[in-house]
Amino acid sequence: MGKDNVVNNYGSFDITFVRGKNATLWDVDGKKYIDFMAGIGVNSLGHANKDLVAAIQSQAEKQIHISNYYLSDVGVEYAEELLRYTGFDGVYFGNSGAEANEAAFKLARKFGHLNGGAKRRVIYTLENSFHGRTLATLTATGQEKFHPECFAPYAECFKTIRANDFDAIKTAFDETTAALMIECVQGEGGVNLIDAEWAKAAAAAARKAGALVMADEVQTGVGRTGAFLASDALGFEPDVVTLAKGIAGGIPMGACLFRNKAANVFVANDHQSTFAGNPLACSAALTVLRTMQKKEFFERVNFVGEKIRSKIKSWNCDVVQEVRGKGLMIGIQIKPQAKPSEIQVECLKNGLCVCTAGADVVRFLPPLTISDEEIEEGLAIFKSIIKG
């Protein structure tokens, strides 16, 4: 169904889903699946969340889109609540994580130009990071497999340093550095955790050199790691934060938040997007934000995340090397005798949606609202696959 009509840039599986409820999906044949993937972390409130559906329906009856030459009531309301909750001064809305990161990189380049001229244009990211699929965000991505020759030449002035390496930050930053961007947990790179003391030391070194400090929270933000912003937990207080994926519960949206030295860099015509921050997306995002401010929401995310990790560790499975993550961003590192891609396929055959990360990791990104029953059902399938 649709297999021959849509360009298969994604290597998609031959399965067509028709409906979902929380962390459960059904395909065209009525087969049931437990969703440990949530659209790669997008469906933060699960499928068919009643509050999200009501907000989208209500907004669609009023207005879906207006030009950004004007303001929408729900756009203003959402921006005010988001900034008040996160402690930032301003926000630029986009449509995706790549767009949010593009905005951050443009902001960093302009900041560098204003505070050092043409020489201050280098942006540092981390080895094994992932920042998007546009040419600039691909260049910023710290993985060579994303830099094939066919897309060359790549953007200039992006460099990488090794995460959690204190020696690397001693000499990295100088008067040519415009910004440092830290991916708070390296998702696509393998669900690699960033040490909080290293993040604070790296941020301090970058600031000492006159650079901005930025956090890519496209995947880690909006509750995924058990706090609204993962950078808050790490404590390095970025000047710029990028968000997307779960921000609007499934409606395409991204955001670039800025404060401190980054607060007044952008002016009219510096960066724009036609669809960005439209009323439909903002109404969905406002519902997500208000839901996550409810008492015990993040306590629940942290509790069930630890429950999943602990349960997998307790299996003492021969093919599992390590289980790591924060909140409901979970990576299961697989030993060389097994392949994550093959585990993914077998899981799907048996009614469980998972994804992979890096060369040797199976990744779980379930809806933040996943029920205990859905967790148990999904883990039972996963256990049956990896234990044979």
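Number of residues in the range 304-359 that are open to solvent by less than 20 Å² (accessible area, probe 1.4 Å), over 25 Å from HIS131 (Cα atoms) and hydrophobic (A, V, I, L, M, F, W, C): the value is 7.
In the set ALA215, ALA211, which member is in contact with a Cys (Cβ under 7 Å, 6 or more places away or on another chain), open to solvent by less than 40 Å² (accessible area, probe 1.4 Å), closer than 17 Å to PHE258 by Cα and not charged (D, E, K, R)? Break it down stepwise before answering.
Numbers: ALA211 fails: in contact with a Cys (Cβ under 7 Å, 6 or more places away or on another chain).
None of the others qualify; the one that does is ALA215.
Can THR242 be described as touching a residue at least 40 places away in the same chain (Cβ under 8 Å), open to solvent by 10 Å² or more (accessible area, probe 1.4 Å) and touching a helix residue (DSSP H, G or I) at 6+ places or on another chain (Cβ under 9 Å)? It would help to see each step written out before you state the result.
Working: touching a residue at least 40 places away in the same chain (Cβ under 8 Å): yes; open to solvent by 10 Å² or more (accessible area, probe 1.4 Å): no; touching a helix residue (DSSP H, G or I) at 6+ places or on another chain (Cβ under 9 Å): yes.
Criteria not met by THR242.
Filtering the range 1-30 to residues that are surrounded by fewer than 12 Cβ atoms within 10 Å (Cβ to Cβ) and in contact (Cβ under 8 Å) with a residue 40 or more places away in the chain leaves only PHE13. Scanning the range 102-130 for residues that are under 25 Å from GLU144 (Cβ atoms), among the hydrophobic types (A, V, I, L, M, F, W, C) and open to solvent by 60 Å² or more (accessible area, probe 1.4 Å) yields no hits at all. Of the residues making up the range 360-388, not one is free of Cβ contacts under 8 Å to residues at least 24 places away in the same chain and open to solvent by less than 50 Å² (accessible area, probe 1.4 Å).
Evaluate the following for LYS295: is it more than 30 Å from ILE64 (Cα to Cα), modelled with pLDDT of 95 or more and surrounded by fewer than 20 Cβ atoms within 10 Å (Cβ to Cβ)?
When the stated conditions are applied, LYS295 does not pass them.
Only residues that are in a loop (DSSP other than H, G, I, E, B) and either open to solvent by less than 30 Å² (accessible area, probe 1.4 Å) or aromatic (Phe, Trp, Tyr) (or both): list them for the range 76-98, please.
Filtering the range 76-98 down to residues in a loop (DSSP other than H, G, I, E, B) leaves 87-89, 95-96.
Across the range 76-98, the qualifying residue is only PHE88.
Sub-7 Å Cβ pairs linking a first residue in the range 343-354 that is farther than 17 Å from TRP26 by Cβ and free of Cβ contacts under 8 Å to residues at least 60 places away in the same chain to a second residue that is in a helix (DSSP H, G or I) and of a type outside the set (D, E, K, R), at least 6 apart or interchain, are ILE343/ILE385; ILE343/ILE386; GLU346/ILE385, ordered by first then second residue.
If you go through the range 36-75 and keep only what is assigned to a loop (DSSP other than H, G, I, E, B) and touching a Pro at 6+ places or on another chain (Cβ under 6 Å), you end up with PHE36, ASN43, GLY46, GLN63, SER72.
The values are calculated or read from the model by the stated rules, or taken from the named source; none is laboratory data. Remember, it's a predicted structure, so these values are computed and weren't measured experimentally. Counting neighbours? That spans all protein chains shown, and the Cβs are built from the backbone with ideal geometry, glycine included. For accessibility, only protein heavy atoms count, side chains too; no ligands or nucleic acids. Shrake-Rupley method; radii C 1.70, N 1.55, O 1.52, S 1.80 Å.
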